[in-house]
Amino acid sequence: MPDEQMATSGAHPPVRPLDTIDRAILRMLQTDGRASIRSVAERVHVSRANAYARINRLIDDGVIRGFSARIDQERAGQGASAYITLRIVQNSWRTVRKRLEALPGAAHIALVGGDFDVLLLVHTKDNRELRELVLSRIQSIPEVLGTRTLLVFEESDLSPENP
């Protein structure tokens, strides 16, 4: 597939094996996505040019999907969080995913196997907003057969070990 077709289709080149330096770079960027090329290079003992090239390759290969901030949802005004499990009509995943992605507060969506089909993490201002989201928005999606809401009382981010 030509490069321009891959870029427009969202496809990535075949998966390349990662070496210990690549893995160290990934751990460092997971811990601090704002780390400078210079600090990455020093930490993994390669030149700045090598670190820059490796990070760009990891991005181009789709290993690094982006950089983001970890948010304290409660301090950001999102005091209610919940995992919502959904049972959906068979073969409706793509349609349901598009609808769920458009929901306010949707943070993570996964197609899973087991007693339910989809696991959705949401953050809302309060329980009233959460109730409205589940009862009015999610349960009104025609392909959703049923939901179960699991309230989050406390959460912690799991940070990678320092390289």
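The values are calculated or read from the model by the stated rules, or taken from the named source; none is laboratory data. Quick caveat: nothing in here was measured; it's all calculated off a predicted structure. Backbone-built Cβ (ideal geometry, glycine too); neighbour counts: all protein chains shown. Just the protein is used for accessible areas: all its heavy atoms, side chains included, with ligands, DNA and RNA removed. Shrake-Rupley method; radii C 1.70, N 1.55, O 1.52, S 1.80 Å.
Annotations
- For the range 136-149, a residue qualifies if it is touching a residue at least 24 places away in the same chain (Cβ under 8 Å) and open to solvent by less than 60 Å² (accessible area, probe 1.4 Å), and the qualifying residues are I138, I141, E143, V144, G146, T147, T149.
- The range 120-135, residues that are open to solvent by less than 50 Å² (accessible area, probe 1.4 Å) and either among the acidic types (D, E) or without any contact (Cβ under 8 Å) to a residue 40 or more places away in the chain (or both): L120, L133
- Selection status of A11, at pLDDT below 85, under 21 Å from the mean Cα position of the chain (by Cα), surrounded by fewer than 12 Cβ atoms within 10 Å (Cβ to Cβ) and over 30 Å from E154 (Cα atoms): yes
- Just one of (1) modelled with pLDDT under 95; (2) not in a loop (DSSP other than H, G, I, E, B) fails for E129. It is (1).
- Any hit, the range 57-68, residues being in a helix (DSSP H, G or I), in contact with a helix residue (DSSP H, G or I) (Cβ under 8 Å, 6 or more places away or on another chain) and within 30 Å of L120 (Cβ to Cβ): yes
- Of all residues making up the range 66-119, the number that are on the phi > 0 side of the Ramachandran plot and either free of Cβ contacts under 8 Å to residues at least 12 places away in the same chain or touching a Pro at 6+ places or on another chain (Cβ under 7 Å) (or both): 3
- Residues of the range 117-137 satisfying the condition of being more than 21 Å from E154 (Cα to Cα), over 20 Å from the mean Cα position of the chain (by Cα) and not basic (K, R): E132, L135, S136
- Qualifying residue in the range 60-83 (condition: touching a strand residue (DSSP E or B) at 6+ places or on another chain (Cβ under 8 Å) and open to solvent by 70 Å² or more (accessible area, probe 1.4 Å)): yes
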